[in-house]
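Q: This structure is in structure tokens; I'll ask about it shortly.
The values are calculated or read from the model by the stated rules, or taken from the named source; none is laboratory data. Please read all numbers here as calculations on a predicted model, not as lab measurements. Cβ coordinates were reconstructed from backbone atoms using ideal geometry, including for glycine residues, and neighbour counts include every protein chain displayed.
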Amino acid sequence: MALSRYFPHTTKIDFVRVRHLAFGLTAVLFVAVVLSLSFRGLNFGIDFQGGLLIEAVSKDKIDIGDVRKRVSVLNLGDVQVQHVGGDNGVIIRAERPPGDETAQAKAIDAIRKALGPGYDFRRQELVGPKVSEGLFLDGMIATGLALLMIAIYVAVRFEWQFGVAALVAIGHDVTMALGVYSFTGLEFDLTAIASLLTLAGYSINEQIVIFDRLRENMRRYKKTDFKELINLSVNQNLFRTLMTSGSTMVAVLPMLIFGGESLFAFTLAICVGIIVGTYSAIYVSSQLLIYMPAIRRWRDEKDDKSAAAKARA
């Protein structure tokens, strides 16, 4: 509460006036991401390109750095090592070696020998290319369905115009997050899908807060121009939006800096997503409503019918 005294709670920024500049920036970034995805593509991880998976546990605490050093000298390509089920469990993913099942079995034996005694190997799997392609397709379908269901929810809670704007804005945010993976070459795996879904949930939360205030102002100021209502609603929520984004960023940044290799790609996408999600809540979703069929007319008719029904009762 003490910190909030140093920030203005009632701003009067004309966001609507610079919407064309914001849309232009959005278009440039979107084209850049599409071109990057088209030419550079995504650096698929083991989940989406197939590979080896070994899960083991030890009686003692496992040093991830030491395990990574032991396995990296085996020349198995990209290798992922991370804790699972606590500090005594480890899961190792490595690229699928060329050759038949014999070569793959040798790679698994090499990893087991590199770890040495003291490990109980609970699981070892070979992820084939068909399975990995299915995982990628299922992940994309899950992300698309999540965005669609969020848009339907917004359309039911508010009006269909809000649902369309939310769908475009969330699609924009997820596309920008995909661009982070494409530009940086960071590994895109099932954890990346989780980051996209997390980002979608964060983004729609920011949008709904502004939508809810806009609907409230539409009922309160029925004679006010719609563009002025958007400015009013965004300004009324600006302090809350910036504080929410800032506090979330403060929580995520330590994981980005100190979380290590296993968390870097996930947290980087989330950090960029927080910035993009805040931007889209202010300049994309709310501004798109200006170009939709009039919401005011439908809302006034509904309020008039409701008032007439109450008068008859």
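Q: Please go through the stretch 220-236 and give me each residue that is at pLDDT below 80 and either within 14 Å of LYS12 (Cβ to Cβ) or basic (Lys, Arg) (or both), ordered by number.
A: Those that are at pLDDT below 80 and either within 14 Å of LYS12 (Cβ to Cβ) or basic (Lys, Arg) (or both): LYS222, LYS223.
Let's see how each residue does on (1) surrounded by fewer than 17 Cβ atoms within 10 Å (Cβ to Cβ); (2) out of contact with any helix residue (DSSP H, G or I) (no Cβ under 7 Å at 6 or more places or on another chain); (3) modelled with pLDDT of 75 or more:
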site	(1), (2), (3)
ILE62	no, yes, yes
VAL79	no, no, no
VAL90	no, no, yes
GLU95	no, no, no
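Q: So, one more: Among the listed residues ALA110, ALA142, identify the single one that is in a helix (DSSP H, G or I), out of contact with any Ser or Thr (no Cβ under 9 Å at 6 or more places or on another chain), at pLDDT 75 or above and farther than 29 Å from ALA194 by Cα.
A: Every option except ALA110 fails the conditions.
Q: Enumerate the pairs (first residue in the stretch 168-195 and more than 30 Å from MET292 (Cα to Cα); second residue anywhere and modelled with pLDDT of 80 or more and of a type in the set (D, E, K, R)) with beta-carbon separation below 9 Å, excluding pairs fewer than 6 apart on the same chain, so at least 6 apart or on different chains.
A: Once the first residue is more than 30 Å from MET292 (Cα to Cα) and sits in the stretch 168-195, its partners that are modelled with pLDDT of 80 or more and of a type in the set (D, E, K, R) give SER182/ARG40; PHE183/ARG40; GLY185/ARG40.
Q: Considering LEU74, LEU29, which residue is assigned to a loop (DSSP other than H, G, I, E, B) and in contact (Cβ under 8 Å) with a residue 40 or more places away in the chain?
A: Values: LEU29 fails: assigned to a loop (DSSP other than H, G, I, E, B).
Selected residue: LEU74, the only one of LEU74, LEU29 that is assigned to a loop (DSSP other than H, G, I, E, B) and in contact (Cβ under 8 Å) with a residue 40 or more places away in the chain.
Q: Given the residues VAL34, VAL71, VAL67, which is the only one that is under 28 Å from the mean Cα position of the chain (by Cα) and either at pLDDT 80 or above or β-branched (Val, Ile, Thr) (or both)?
A: On the way: VAL71 fails: under 28 Å from the mean Cα position of the chain (by Cα); VAL67 fails: under 28 Å from the mean Cα position of the chain (by Cα).
Of the residues listed, the single one that is under 28 Å from the mean Cα position of the chain (by Cα) and either at pLDDT 80 or above or β-branched (Val, Ile, Thr) (or both) is VAL34.
Q: Which residue out of GLU206, GLU261 is touching a strand residue (DSSP E or B) at 6+ places or on another chain (Cβ under 9 Å), farther than 15 Å from LYS12 by Cα and either of a type in the set (Asp, Glu) or modelled with pLDDT under 85 (or both)? Even if it seems obvious, please write down each step before you answer.
A: Values: GLU206 fails: touching a strand residue (DSSP E or B) at 6+ places or on another chain (Cβ under 9 Å).
One residue alone meets the criteria, GLU261.
Q: Okay, moving on. Report, by residue number, each residue of the stretch 144-155 that is surrounded by 17 or more Cβ atoms within 10 Å (Cβ to Cβ) and within 15 Å of the chain's Cα centre (by Cα). So that I can check it myself, show each step before the final result.
A: To start, the set of residues in the stretch 144-155 that are surrounded by 17 or more Cβ atoms within 10 Å (Cβ to Cβ) comprises 146-147, 150-151, 154-155.
Residues satisfying the conditions are ALA146, LEU147, ILE150.
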